[in-house]
1. Run the simple label-point estimate for L200 and Q91 please: 7 Å along Cα→C-beta, distance reported in nm.
2. Full-extension gain between R146 and L64, please, as 0.36 nm times their residue separation minus the C-alpha to C-alpha distance.
3. Given the C-alpha atoms of region 48-151, compute the convex hull and give its volume per residue in Å³.
4. How big, in percent, is the set of alpha carbon pairs in region 81-209 lying more than 18 Å apart?
5. Between the DSSP loop rule and a limit of at most 15 other Cβ atoms within 10 Å, which trypsin sites (Lys or Arg not before Pro) in region 49-139 are left?
6. Where does each of 148-158, 42-52, 123-133 land if you order them by average Cβ count within 10 Å, highest first?
7. Tell me the GluC sites (Glu not before Pro) within region 66-169 that lie in a loop according to DSSP and have at most 10 other beta-carbon atoms within 10 Å.
8. What Kirkwood hydrodynamic radius, in Å, does region 164-228 give when the mean of 1/r is taken over all pairs of distinct Cα atoms and then inverted?
Amino acid sequence: MRKTLKMFLYLIIGAAVGLLISSTARSIGGDVSTDRFYLGVSITTTIVAAFLIVLGIFQYRRLLTVAKDYVKYMDEDSYDKYRYNKHNEIQIYGVIGFVLSLVSLAIPLITYFNLSVLLFSFIVYIVSIIFLTRTTKLINKLYPERNLPQPSDKNYTDKLLLASDEGERHIMTTALYKTFSLTQVGIFVGILLLIAYSMLTGESQIFSIIILGIIMMVLLQSFKSTIK
């Protein structure tokens, strides 16, 4: 399953790079079937988002079925590993599906308006929100024996850390630091790509560059304020 997730991530990254290159080439060379191009991107993105959400729902239902009486399927140690990994996979499906559905919804709203595509994207977007909301509460169903906080609780992060053991806290803090570092690099690369796009096409992306710069500074300030 991890190989499948990596494959989807590589496909998404490749599609994003391809979209940037294609958009740049079209802006330089002229408008050639731009409407069809954006229509195809929106439909493809929506289909991928829908597939991930359906896959996530299937895994979600399967995990709850196993959790009701896991002794039918595996021993306790195997179940602990199974529910931990499956929970993470479901979260990934939900988040990626939500982001892709949002992108697919934005394309017909901003570039090429098509009512049927817009409705399809909107339905997938709503379903992704509902599914993502349900996945945030999944951990409490998987670990009923533990006093884990609800995502809506005040100071959720602090309560979650207090409810976790030392090993879990180490894993979470390591993952968060790696995510923070990757986010900083990603935003920086995004700014460079937007600058290159603006120079090559003549279409100013100053607003997007400023927003990304602000986000990068806020994240850095928040991180430093938290660890000091």
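Values quoted throughout were computed directly from the atomic coordinates according to the rules given, and no laboratory measurement underlies them. Quantities reported herein were computed from a predicted structural model and do not represent experimental measurements. In this analysis, Cβ positions are derived from the backbone assuming ideal geometry, glycine residues included, and neighbour counts consider all displayed protein chains.
1. Each label point lies 7 Å from its Cα, and together they span 3.6 nm.
2. On the way: separation 82, 0.36 × 82 = 29.52 nm, distance 1.68 nm.
Full extension from R146 to L64 adds 27.8 nm.
3. Hull volume normalised by residue count: 90 Å³.
4. 71
5. Sparse-neighbourhood loop trypsin sites (Lys or Arg not before Pro): K137.
6. Numbers: 148-158: 12.2, 42-52: 20.3, 123-133: 18.1.
Ranking, from highest mean packing down: 42-52, 123-133, 148-158.
7. Of the GluC sites (Glu not before Pro), the ones in loops of region 66-169 whose Cβ has at most 10 other Cβ atoms within 10 Å are E145.
8. Computed over region 164-228, the radius equals 13.6 Å.
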